[in-house]
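**Q** Attaching a single structure in structure tokens format; questions to follow.
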Amino acid sequence: MSSNLLDKRETRIRRMFGAIAPSYDLLNHLLSMNVDHYWRWRTTRLVAPAGGAPILDLCTGTGDLALAYDRAAKRRLPIVGADFCHEMLVRALSKTRKRHAAVRIRFVEADAQRLPFADDAFQITCVAFGLRNVTDPDRGIREMVRVTQPGGRVAILEFSKPRHWFFGRMYQFYFRHILPNVGQMISRSKDNAYHYLPASVLEFPDGEALAERLRGHGLRGVRWQPLTFGIATLYVGTKP
């Protein structure tokens with residue numbers, strides 16, 4: 001596996017996602033066969049909002065999880081979406097305006113490793129399919145914990161590796177060969193974004209390994225829930 005393909009320096013990741021922003025939503029829904037909508041909906045149910053404190057969606061991309069939480073909160077809570085890719089945020093803002101949600105959801109251009117928010121600010125700090133793209137994921141987790149209120153929850157929705165002997169093999173073939181080629185054909189990514197995707201998932205910890213890292217950052221009651229045969233997994237922990 002090429003080290004250049006897994007280069008996660010901030011400048012490379014920002015450039016890569018900026019370049020694929022125009023086709024990002026189309027490919028997300030196409031390549032997941034729209035199951036990504038279910039994963040975000042399930043996240044908002046398993047980590048449901050409560051009270052009036054705001055929610056932070058980190059690595060928000062085009063804002064899908066922020067919008068899902070807006071619906072889950074019945075459009076009553078302030079939500080912040082943070083991302084360091086300007087081109088993604090332009091599309092996120094456009095989507096929230098079309099859904100008349102811009103009064104509740106605001107977007108901040110910020111690096112997940114250096115968040116411009118006060119300590120203990122959010123009831124839920126979440127990230128969907130973004131933690132593995134952070135140059136130093138532990139710094140990202142540390143920042144997520146820092147900005148979460150005591151008693152609040154940190155939620156990480158991330159791709160994982162299905163273990164089922166038959167489905168796992170079928171999915172791995174799709175994930176390693178079909179998905180990258182279709183993604184590259186449509187996105188024309190010069191940074192090989194859709195070859196980076198499976199490579200980054202395969203090298204990133206999942207299951208109990210990632211849960212243990214969350215415990216190492218002081219989160220309590222850490223649990224993880226595989227979704228759709230383990231294609232994705234939701235990790236949840238509570239800040240003491």
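**Q** Among the basic types (Lys, Arg), within 20 Å of the chain's Cα centre (by Cα), open to solvent by less than 60 Å² (accessible area, probe 1.4 Å) and at pLDDT 95 or above: is that true of ARG142 in this structure?
**A** no
**Q** So which pairs qualify, if the first residue must be in region 145-169 and farther than 19 Å from LEU210 by Cβ and in contact (Cβ under 8 Å) with a residue 24 or more places away in the chain, the second must be hydroxyl-bearing (Ser, Thr, Tyr) and crowded, with 21+ Cβ neighbours inside 10 Å, the Cβ gap must be under 7 Å, and the two must be at least 6 apart or on different chains?
**A** Close Cβ pairs (under 7 Å, with a partner that is hydroxyl-bearing (Ser, Thr, Tyr) and crowded, with 21+ Cβ neighbours inside 10 Å) amount to VAL147/THR125.
**Q** Turning to a different aspect of this structure: Go through region 181-215 and report how many residues are farther than 18 Å from ALA21 by Cα, small (Gly, Ala, Ser) and surrounded by 12 or more Cβ atoms within 10 Å (Cβ to Cβ).
**A** Residues that pass the stated criteria total 4.
**Q** Then there is this: How many residues does region 31-58 contain that are touching a Gly at 6+ places or on another chain (Cβ under 7 Å) and surrounded by fewer than 24 Cβ atoms within 10 Å (Cβ to Cβ)?
**A** 1
**Q** Continuing with this model, one more query. Mind checking which strands (runs of 3 or more DSSP E) fall wholly inside region 9-114 and carry at least 3 residues that are touching a strand residue (DSSP E or B) at 6+ places or on another chain (Cβ under 6 Å) and over 16 Å from LEU157 (Cα atoms)?
**A** Filter on region 9-114 gives 105-109.
**Q** Helices (runs of 4 or more DSSP H) wholly in region 160-240 with at least 2 residues that are of a type in the set (S, T, N, Q) - which ones?
**A** Qualifying helices (runs of 4 or more DSSP H): 179-187.
**Q** Still on this structure, please answer the following. As an exercise: evaluate PRO150 against (1) of a type outside the set (Val, Ile, Thr); (2) open to solvent by less than 20 Å² (accessible area, probe 1.4 Å); (3) in a strand (DSSP E or B) and give the number of the one condition it does not meet.
**A** (2)
**Q** Within the group ALA66, ALA73, which residue is over 16 Å from the mean Cα position of the chain (by Cα), at pLDDT 95 or above and open to solvent by less than 20 Å² (accessible area, probe 1.4 Å)?
**A** ALA73
The values are calculated or read from the model by the stated rules, or taken from the named source; none is laboratory data. Everything numeric in this text was worked out from a predicted model, so none of it was measured. Don't worry about glycine lacking a Cβ; one is built from the backbone with ideal geometry, like all the others, and counts go over all protein chains shown. When the accessible area is computed, the model is the full protein with side chains, heavy atoms only, and any ligands, DNA or RNA have been set aside. Shrake-Rupley method; radii C 1.70, N 1.55, O 1.52, S 1.80 Å.
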